[in-house]
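To start, the structure under review is shown below, and the notes come after it.
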Amino acid sequence: MISAIFIITAMGIIMGAILGVAATYLAVEGNPLQAEIEGLLPGSQCGQCGYLGCAPAAAAIANGEAPVTLCPPGGKALVEQLAEKLGVSVDLSDVVEQEPRVAFVHENLCVGCTKCLKRCPTDAILGGPKQIHAVFIDACTGCEKCYEVCPTECIEMRPIEATLQTWYWPEPARAA
């Protein structure tokens with residue numbers, strides 16, 4: 001019995017060592033440009049760009065399959081950073097600068113159809129069939145997917161109000 005325990009332990013140690021060495025020598029390096037681009041993207045995984053998250057969007061931008069104007073939440077600042085990183089020129093006249101927004105449900109219009117629940121990528125909407133719905137503002141990414149499918153138009157996209165947790169000092173004006 002004791003010899004079986006020692007044999008299995010020794011096999012586990014040997015197999016672990018082999019896997020550790022294999023992981024070191026057979027590791028596949030990712031595209032470093034893709035990792036840098038993913039670091040620049042907001043990371044909200046909202047899907048407004050048409051990709052399932054920021055990682056596939058970064059891969060598409062790095063491979064040249066998507067334009068640098070891909071990310072609506074990033075705005076002009078992100079487009080400029082991506083264009084500088086990739087060394088491309090970009091026309092900023094088409095980029096719309098929008099403030100961050102979240103969904104708000106008007107309770108008197110909501111019929112509880114649950115279409116918004118099914119479309120929300122972050123499960124930010126609380127409710128059930130034939131019940132009034134509400135939105136967790138902290139979880140909402142502002143992707144507007146719920147807004148698009150609401151049959152009663154009870155969902156409104158509102159700007160995020162500043163609270164003690166979200167307020168920040170504005171950047172001071174530069175002296176001339």
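Taken together, the values in this text are just the output of simple stated rules run on the coordinates, not laboratory data. Just so it is clear, the structure is predicted and the values come from calculations on it, not from any experiment. Because the Cβ atoms are built from the backbone with ideal geometry, glycine has one as well, and the counts that use them run over all protein chains shown.
Summarising the label geometry, the points placed 7 Å from Cα in the beta-carbon direction at residue 28 and residue 99 lie 4.5 nm from one another.
Dipole size of segment 33-94 about its Cα centre, with +1 on Lys/Arg Cβ and -1 on Asp/Glu Cβ: approximately 100 debye, rounded to the nearest 20. Enclosing the Cα atoms of segment 101-159 in their convex hull gives a volume equal to 62 cubic angstrom per residue.
Excluding same-chain neighbours fewer than eight residues apart, the lysines reachable from residue 76 by a Cα-Cα span under 18 Å are 85. Amide H contacts under 5 Å for residue 125: 136, restricted to partners 5 or more places along the chain or on a different chain, H placed in the peptide plane at 1.01 Å from N. A simple spin-label model places pseudo-atoms 7 Å from Cα toward Cβ; at residue 175 and residue 65 they are separated by 5.1 nm. With both labels modelled 7 Å from their Cα along Cα-to-Cβ, the residue 161 to residue 148 distance reads 2.9 nm. Within the chain, the selection of entire DSSP H helices by a Cα span of 30 Å or greater along the long axis and an average Kyte-Doolittle value of at least 1.0 returns 2-25. For a label point 7 Å from the Cα of residue 132 along Cα→C-beta, name the residues of segment 94-117 whose backbone N is under 12 Å from it. Answer for this model: 105-112. Under the rule of -39500 (n - 2.57) per DSSP H run of 4 or more residues, summed and divided by the residues of the chain, what mean residue ellipticity at 222 nm is obtained, to the nearest 500 deg cm²/dmol? One gets -11000 deg cm²/dmol as the mean residue ellipticity at 222 nm. Listed by chain and number, the aspartates and glutamates whose C-alpha is less than 18 Å from the C-alpha of residue 118, apart from same-chain residues fewer than 8 away, are 144, 148, 153, 156.
Straight-line cross-link reach from residue 115 at under 21 Å between alpha-carbon atoms covers these lysines, not counting any fewer than eight positions away in the same chain: 130, 145.
For segment 126-146 and segment 9-83, write down the distance between their C-alpha centroids in whole Å. With segment 126-146 and segment 9-83 each reduced to a Cα centre, they are spaced 29 Å. Using the alpha carbons alone, the radius of gyration of segment 33-94 stands to its Kirkwood radius in an Rg to Rh ratio of 0.91.
As a footprinting exposure proxy, order 11, 1, 157 by other Cβ within 10 Å, with the fewest listed first. Ranked by crowding around the Cβ, least crowded first: 1, 11, 157.
Name the shape class, rounded, prolate or oblate, that the alpha-carbon gyration tensor gives for segment 125-176, where a ≥ b ≥ c are the square roots of its eigenvalues, rounded holds for a/c under 1.5, and otherwise prolate holds if a/b is larger than b/c and oblate otherwise. It comes out prolate by the Cα gyration axes. Of the options 52, 25, 96, report the single residue whose Cα projects farthest towards the positive end of the charge dipole of segment 1-110 (beta-carbon charges: Lys, Arg +1; Asp, Glu -1). Positive-end residue among those listed: 25.
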